[in-house]
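A short write-up of the structure that comes next.
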Amino acid sequence: MRYCFSLLFLWVFATTTPTTLVAQDSLVKTTATDTLDLADSIQTTIDTLVQKFEEEKRRYEIHAVETNMLAKGDKYQLEVKAIDDKLGTLNTLVNGDYDFTVDSESKTLNFKDGIASLELEEMPKTVFLKHDDAISFNRFKQTESGQVKSSNLPLWTSLLPPLIAIILALVFREVVASLFLGIWAGAFLLGDWSFQGFFSSLLGSVDKFVLGALNDADHLSVILFSLLIGGMVAVISRNGGMSGVVNSLSRFAKSARSSQLVTWFLGIAIFFDDYANTLIVGNTARSLTDRYRVSREKLAYIVDSTAAPVAAIALITTWIGAELGYIGDALAQMGDFPVTNSYSIFLSSLQYSFYPILTLIFILMIVIFRRDYGPMLKAERRARTTGQLFEPVNETDGEEIDLDELTPVKDKPHYAINAVIPILTVVLATLIGMIHTGGEGAGLFEKLGNAFSSLDALRNTIGNSNSYVALIWSSTLGVIVAVTLTLTQRILPLRETMDSFLSGIKTMIGAMVILVLAWSLAKVTQDLHTATYLTGLLDGNVSPIVLPVITFILAGAIAFSTGSSWSTMAILYPIILPAAWQVSLSAGLDPDICLAIFFNCTSSVLAGSVFGDHCSPISDTTILSSLACNCNHIDHVRTQLPYALTVAVISIVLSYCAMAFNLPFIVSLLIGITFLFAVLVVFGRQVPEAKTIFEPAPVSSPEPTFIPAPSAPEKKPKSITEDPDFYDDEDLLA
């Protein structure tokens, strides 16, 4: 029985094993075949899905367009074709509504089989279309037969007008003609490219762009405000008010250091106009600094470096109107921007204005610690030890300063109050005017209470205000107060007072011409969509974090080349600000960070313009500083340049770090001050106080006159200034 079971087991094993092996082999083969078929099926499915996805992508995305203009009786039809960016043919898969930018307006175009149309009452000469990365810029011209011809205008040509203005200003060193030629070039690009169009665009640049710049209420407000401020400056200068301010501060000048401090403080006090600042401070402080043997180069540096920086960042100046106008032109191109008030943007940008602020602080540090370096150190030691205030050759190229409108009337007392009251009137009236136009409440007192309830409330009130109206109100009141003070004290009769007022207006005419031409060029770049091209050029190629640095360097280069900070701001503001905002958004940054980059770029245009203006030998304020201080012009530029470059480099680093590391303003400012102090410690050398008082020599006398200091004990002599640091040991011998 046992053997029977054994034989049965062997038979079953013998019969089932081959069958199992065959079945297993068959199973393996079947599984491999099925797996191969499944992989092919999955790959086919994926390919189908990808193809459908690409079709859907082509259906819903437009990457290229073509435009055509058709004449339909008295109307015109703009035909827009969606082009396949890969095949270059009509993309018939595009259907539905798409949001487009047509010129400067947002419109929805309905596509059917890849074609959309837009009815127009009149035929435009140019049409700009933009949808995502699809951009088209075409010019259209209707022939005598009624047909419409089109020609594509490459978007890179939008850079030509500002480039022409910059290059011509650099070559010919003349801003007005250069700006106009840039406008003319833009009018030619936007018009008919023909021999006839070359001359018709000349007239078009005046009647369309220049007249268009004047046909703007905000622009007219800026012009009126600037003219009124210029007139007020002349009146308070003629009635002795500014001279009274200077005389009141002059009594604090008792040494070389204190005379420089008084000059610095005067530069801060006369904040409302850089020209008035330069001419008044330079001519009045010269006698103070000469007495204590401060070099003319040092005086010119203090005067020049307090004039533009303080006028650029002060809240009420002749600069603020122009700055608001330039920022407003940029906002006009930006559509739905979160901040719509130019003055609010200006205030928000001040937290990144490192160069003007650090320049003012650096001057103060140099004066307090009595340390200089570079060519300025040599000039200061020459003046202290030899009494030679300037180099023997004092060339001014034959130029003379006309100070008639700023010279106080003779034989009349000079009261500082005659300048302080009008200036305070302008400042307070501007603040009250902005609260009145932007505040919430039934009456003025209720608006004032609501505005000053918190810092955010005040910021919102100023942001919602009509700053242009407030500036006009304040400047009008300032003029009235200045004229009233002059007449009631019988300092000047009415006719001479008004002549002074008109003379002050005349001093602003040149600046206003540049301002109007700058607005016109901004309109040209807006119509040519320069900012759009620049945005596309920077988008994806430049990190938004470094945009403020690029902006500062670009503004500095243009201002150095042209010698004009105003024309630099006019060229860059309408181009840089929209580009900075769009590039930041395209990078996917948080809107708050995008806004911070925008504010930083706003301040970088201003700061870079002031820096380039400081370094440029053809700058008007640099030349005026040399003339007002009776300093050799090249010596002034040569001695000021190392100081300006020092502050500029530190400002660029802070501008980048503020974005990269999100540093608060106070922290950035303290870091900047620390670096400036380190530069003075490492490179600076102490300049001694004078041991004799210098009385300026008569014009005919080639040598200065010295008054020896009173005799004093040998070990511890005492100067007549009673300054404990009056004597230096090692530095004086050096």
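Summary of computed values
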| quantity | calculated |
| --- | --- |
| Label-point separation in nm, LEU163 to ASP99, each point 7 Å along Cα→Cβ | 3.3 nm |
| Simple label model, 7 Å out from Cα along Cβ direction - GLN196 to VAL176, nm | 3.3 nm |
| Length released on extending from CYS657 to LEU214, taking residue separation times 0.36 nm less the Cα-Cα span | 155.4 nm |
| Span from the segment 598-646 Cα centroid across to the segment 146-186 one, whole angstrom | 28 Å |
| Where GluC sites (Glu not before Pro) fall in DSSP loop in segment 95-149, at most 15 other Cβ within 10 Å | GLU121, GLU122, GLU144 |
| Pairs of lysines in segment 65-153 (C-alpha under 12 Å apart; 8 or more residues apart or interchain) | 5 |
| Euclidean distance of C-alpha centroids, segment 476-498 and segment 300-331, integer Å | 27 Å |
| Segment 65-153: C-alpha gyration tensor shape, a/c 1.5 cut-off, then a/b vs b/c | prolate |
| Segment 182-237: chymotrypsin sites (Phe, Trp or Tyr not before Pro) in DSSP loop, at most 16 other beta carbons within 10 Å | TRP193 |
| Highest average packing first - 508-514, 262-268, 427-433, Cβ atoms within 10 Å | 262-268, 427-433, 508-514 |
| Residue exposure sequence - HIS219, HIS529 - by fewest surrounding Cβ within 10 Å | HIS219, HIS529 |
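Where a number appears in this text, it was derived from the coordinates with a stated rule and is not lab data. All figures in this text were calculated on a predicted structure; none of them were measured in a lab. A quick note on method: Cβ atoms are made from the backbone with ideal geometry, for glycine too, and the neighbour counts reach across all protein chains shown.
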